[in-house]
Amino acid sequence: MKKLANVLYVTTPEAYLSLDGENVVIKKDEHTSTRLPLHNLENIVCFTYLGASPGLMGACAERNVGLCFLTPNGRFLARVTGKIKGNVLLRKKQYDVSEINDECVPIAASFLLGKIANCRKVIERALRDHAMLLDVQVLTQASASLKETLSAIQECKTLAI
């Protein structure tokens with residue numbers, strides 16, 4: 001069975017979230033307004049100050065359901081996440097490679113090449129789509145400078161500037 005990326009957005013300011021069995025219960029003015037099965041959700045985004053019960057937070061963390069709290073205007077407050085998963089050996093190898101110049105330079109160069117190439121594409125698209133609204137000469141110079149930087153990065157042998 002394919003799990004759908006269902007997200008519950010709670011935008012009612014006076015809503016409080018709690019857990020009843022395996023269901024997320026949204027209470028408004030001490031009355032239950034909505035019940036949803038927790039196993040159908042991948043994320044819960046709560047735009048209210050009232051928040052959620054500790055039981056719901058624990059269940060979300062246990063089941064890898066993201067629980068995010070925002071102000072009613074959308075400013076980030078907090079996030080509840082479960083146990084961190086990761087490959088310790090992979091992280092160790094990444095740290096080891098970061099200390100070896102011959103191995104980390106090609107990786108750093110590929111990151112920079114991708115970032116700069118994307119920046120160039122954004123500039124070129126802006127010039128193509130909105131040339132009447134922009135300073136074309138300045139953006140053309142910036143694109144040319146980024147193009148020169150791309151070729152300079154490909155010849156780098158060290159992380160030093």
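Tabulated data for the structure shown
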{"read-out": "Candidate set from region 12-46 (those that are in a loop (DSSP other than H, G, I, E, B) and either aliphatic (A, V, I, L, M) or touching a residue at least 40 places away in the same chain (Cβ under 8 Å) (or both)); member that is surrounded by the fewest Cβ atoms within 10 Å (Cβ to Cβ)", "value": "Pro13"}
{"read-out": "Close pairs (8 angstrom Cβ cut-off, 6 or more residues apart or separate chains): polar (S, T, N, Q) in region 133-160, open to solvent by 70 Å² or more (accessible area, probe 1.4 Å) anywhere", "value": "Ser143/Glu124"}
{"read-out": "Residues satisfying the stated conditions in region 59-92, i.e. without any contact (Cβ under 8 Å) to a residue 12 or more places away in the chain and surrounded by 12 or more Cβ atoms within 10 Å (Cβ to Cβ)", "value": "Leu77"}
{"read-out": "Glu99 open to solvent by 100 Å² or more (accessible area, probe 1.4 Å), closer than 30 Å to Leu159 by Cα, at pLDDT below 90 and more than 25 Å from the chain's Cα centre (by Cα)", "value": "yes"}
{"read-out": "Conditions (1) assigned to a loop (DSSP other than H, G, I, E, B); (2) modelled with pLDDT of 95 or more; (3) not hydrophobic (A, V, I, L, M, F, W, C): number failed by Lys157", "value": "(2)"}
{"read-out": "The lone exception for Ser18 - which of (1) on the phi > 0 side of the Ramachandran plot; (2) more than 24 Å from the chain's Cα centre (by Cα) it fails", "value": "(1)"}
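The values are calculated or read from the model by the stated rules, or taken from the named source; none is laboratory data. None of these values were measured; they are calculated from a predicted model. All Cβ positions, even for glycine, are placed from backbone atoms using ideal geometry, and neighbour counts span all protein chains on display. Areas reflect the complete protein model, heavy atoms only, side chains present, ligands, DNA and RNA absent. Shrake-Rupley method; radii C 1.70, N 1.55, O 1.52, S 1.80 Å.
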